[in-house]
Amino acid sequence: MTTTEAGAGAPSTAAVGAQDTQDTQDTQDTQDTRNARTAQGTDPVADVPVTDHDRGVHGYHHQKDQHLKRLRRIEGQIRGLQRMVDEDVYCIDILTQVSASTKALQSFALQLLEEHLRHCVADAALKGGAEIDAKVEEATKAIGRLLRT
């Protein structure tokens with residue numbers, strides 16, 4: 001067998017070099033696409049949206065300061081109840097304050113639930129699969145607990 005016969009079906013050195021260059025370019029294009037998707041909020045591997053929840057940000061995060069302010073106000077109401085009992089205030093007056101404190105906590109809980117549905121459950125819905133089922137079940141149980149109070 002001659003050299004010409006052995007090399008007849010093999011690619012030339014120039015063709016191999018061109019293919020290596022193309023493979024390198026394809027790899028770079030793929031990486032650039034992944035980086036662009038990540039920057040746009042899309043998982044580069046699964047091509048699904050990357051959500052705040054994936055980044056460890058909970059639904060209430062953007063209103064955290066408002067929530068803390070509201071909870072401090074509720075805490076003040078509870079301390080007021082302690083003071084009323086300590087000062088032997090009339091029962092009905094204390095019960096009125098208990099009712100106000102309870103309503104404030106329920107209102108806070110409903111706001112948190114709404115934020116959970118808008119962010120955590122909605123994020124799971126974008127991804128689909130078992131995660132959405134788990135989030136819906138979790139929210140359903142939370143609603144049940146709120147209704148029993």
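Modelled spin-label separation between Ala100 and Asp88, with each label point placed 7 Å from Cα along the Cα-to-Cβ direction: 2.3 nm.
Counting only lysines at least 8 places from Lys135 when in the same chain, those with an alpha carbon closer than 18 Å to its own are Lys127. For Ala100, the shell of other residues with beta-carbons less than 13 Å away shows a net charge of +1, using +1 for Lys and Arg and -1 for Asp and Glu. Each residue of the range 110-115 was assigned a 3J(HN,Hα) from its phi angle through the Karplus curve 6.51 cos²θ - 1.76 cosθ + 1.60 (θ = phi - 60°); the sequence is 5, 5, 4, 4, 4, 5 Hz, with glycine and proline shown as x. The slack in the chain from Gln111 to Ala139, taken as 0.36 nm per residue of separation less the alpha-carbon distance, amounts to 8.8 nm.
Here, each number is a calculation from the coordinates, and none is a lab measurement. Given the structure is predicted, the values throughout are model-derived calculations rather than measurements. Glycine gets a Cβ as well: all are built from the backbone with ideal geometry, and neighbour counts include every protein chain shown.
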